[in-house]
Amino acid sequence: MRRLGLIMILLIGNSICFADAPLKLPSGAEFTKIRMAFAAKPDFSPMWKVDDERDVLLEAYKAKDYKKVSELSKPWLEKVPVDADAHLIRAQALKKLGDLAGFSYHFHCFYGLIHSIASSGDGKSPETAFKVISVAEEYYLLDEIGARLIEQNLQHPHDVMRVRLRDGTETTLYFDVSISFEATARELQPKK
C-alpha cells in the first residue's frame, strides 16, 4: 500500500510539472545569451525603463488591473525580453488571473535574469564586477538583495556603489557598465 502511494505521488508530481507547460524554461546560461544578444542589437537602448509604453504597464499594475497588465506586458516583453521587473509584474498578474503555468514561467524568467547578472561576477572589485547591460539591471540586483544605495560613483567603465545591506552592514559593489555606455554613445551620435 505504501509503494502504491509513492507511485501515485510521483505520477501526480510529474503531471503537475509537465502538464500543459506552455514554454520551455531557459537555463541560466541561456539568460546570459538572451541579455547579451539583446544588447548587441543595432537599435539597443539601455534606457528601457524610461518608456511611455512601460509606464502604462506599471500604472495598470498599480491600479491592480491584472487583465490589462497581462495584455500590455506580452508585447512589452516581446520588445524588451530582458526587463526583469516586467517579468515579475506579468508573473504576479497571471497568478491573480489563475494562470499558474504563466506565473511560474515569468517568475522563472525574473530570477533567471537576476541570476545571470549575479553570476557574471561577484561585484567585489573592478576585475570581478557584475556585467550589466543597463542601469536598470544594477537596480534589479540591488533591490533583490535588499541593498540600499548610500553613494554612487562612476569610475569608467564601472559604476561603484556603496550600499547598506539588510543586516545593516555596508559594502561596495562594482558594476561593469561598458555595454550601456557604448549603446548610449551610439544613441547620442548625430544621425546620418
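What follows draws every value from the coordinates through simple rules; no lab data is involved. Computed from a prediction, not measured in an experiment: that's the story for all the values here. Positions of Cβ are generated from backbone atoms using ideal geometry, with glycine treated the same way; all protein chains shown enter the neighbour counts.
Brief remarks on what is shown
- Summed over all non-identical Cα pairs, the Kirkwood treatment of region 26-187 gives a radius of 16.4 Å.
- Each DSSP beta bridge with both residues in the chain is either parallel or antiparallel, and the antiparallel ones are about 90%.
- Charge sum, other residues only, whose C-beta stays under 12 Å from I34's C-beta, Lys/Arg counted +1 and Asp/Glu -1: +1
- Rounded to whole Å, sorted largest first: equivalent-ellipsoid semi-axes of region 102-180, Cα gyration tensor: 21, 16, 10
- Estimated translational D of region 41-83 in µm²/s (Stokes, Kirkwood radius over Cα pairs; 10 °C; 1.306 mPa s): 146
- About its Cα centre, the chain has a charge dipole of approximately 660 debye under the convention of +1 per Lys or Arg Cβ and -1 per Asp or Glu Cβ, with nothing else charged.
- Value at 222 nm in deg cm²/dmol, rounded to 500, when DSSP H runs of n ≥ 4 in the chain each add -39,500 (n - 2.57): -18000 deg cm²/dmol
- Of K96/K124; K49/K96; K24/K49; K24/K131; K41/K96, pairs whose Cα-Cα distance is over 30 Å: K96/K124; K41/K96
- Our summary gives region 77-124 a relative contact order of 35 percent, counting only alpha carbon pairs under 8 angstrom and 6 or more residues apart.
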